[in-house]
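First the structure, in the form of structure tokens, and then the observations on it.
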Amino acid sequence: MRMFKAFAKCSPVARQRFLFLAVAAFSLAAFSAACSDGEGLVEPPLRLEPCSWSAPVLSGTIIDNGLAEISGIAPSRREAGMLWLHNDSGNEPRVYAVDSTGKSLGYFILDGTSNIDWEDMASVVIDSVAMLLIADIGDNAEIRSTVEIVMVEEPSVRDFGPDRHPVFQGSAYRYRYPDTPHNAE
């Protein structure tokens, strides 16, 4: 929480830079592999050499009736082998967890926001705190005056389960494009 209070005291330019970095984190998270840092947090490795790719391998199938249209996915920074997911627009503000085989571990409810058009998510570590960033940036009709990035501290899988769905408070950081609305799908 003290990070949110410190963020609120930052200048508009500093907050704008943070939001830029948050959006950049979405891109980086999409290409990072997870490994443990020995303190319970999972960090992406820093690689400068070219990546090589191999044929995909099916490790599991996600079967969860609540996940009708998965729009974002990010690796957990607290639990190795766990992934966070969310649905696309018009769904409840829920963030789901699955293990590496696709088995549902449950979900939590994100309070203080709605899922207008969630398009992506990222997991980051800020000041040794694992955080989830959710990009509510979709705008198919290009009419939204603002879009937002929602930040919430990553909960432990022990905080919820198939029959226990806690509510966590997120912090929404709204911004507008300098010219006209854009659909960042």
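What follows is calculated from the coordinates using simple rules that are stated; it is not laboratory data. Predicted model, so just to flag it, every value in this text is computed and none were measured. No Cβ is skipped: glycine too gets one built from the backbone with ideal geometry, and neighbour counts run over all protein chains shown.
With a ≥ b ≥ c the root eigenvalues of the C-alpha gyration tensor of segment 100-178, is it rounded (a/c under 1.5), prolate (a/b larger than b/c) or oblate? Judged from the Cα gyration tensor, segment 100-178 comes out prolate (a/c at least 1.5, a/b above b/c).
Within segment 93-185, which chymotrypsin sites (Phe, Trp or Tyr not before Pro) sit in a loop by DSSP and count at most 12 neighbouring Cβ atoms inside 10 Å? Counting only loop positions with at most 12 other Cβ atoms within 10 Å, none of the chymotrypsin sites (Phe, Trp or Tyr not before Pro) in segment 93-185 qualifies.
Solvent-free Debye calculation, one equal scatterer per alpha-carbon of segment 45-185: log10 I(q)/I(0) at 0.09, 0.12, 0.19 Å⁻¹ equals -0.30, -0.53, -1.15. Annotation for segment 74-168: trypsin sites (Lys or Arg not before Pro) lying in DSSP loop with at most 14 further Cβ atoms inside 10 Å of their Cβ are Lys103. With a Förster radius of 35 Å applied to the C-beta separation of Asp111 and Leu58, the computed FRET efficiency comes to 0.50.
Among Val125, Val147, what is the fewest-to-most ranking by other Cβ atoms within 10 Å? Let's see the in-between values first.
Working: Val125 17, Val147 22.
Starting with the residue having the fewest Cβ neighbours, the order is Val125, Val147.
In segment 130-167, which GluC sites (Glu not before Pro) fall in coil by DSSP and have 10 or fewer other Cβ atoms within 10 Å? Present the calculation step by step, with values, prior to reporting the outcome.
Values: sites: Glu142, Glu148, Glu153; in loops: Glu142.
Filter output for segment 130-167: Glu142.
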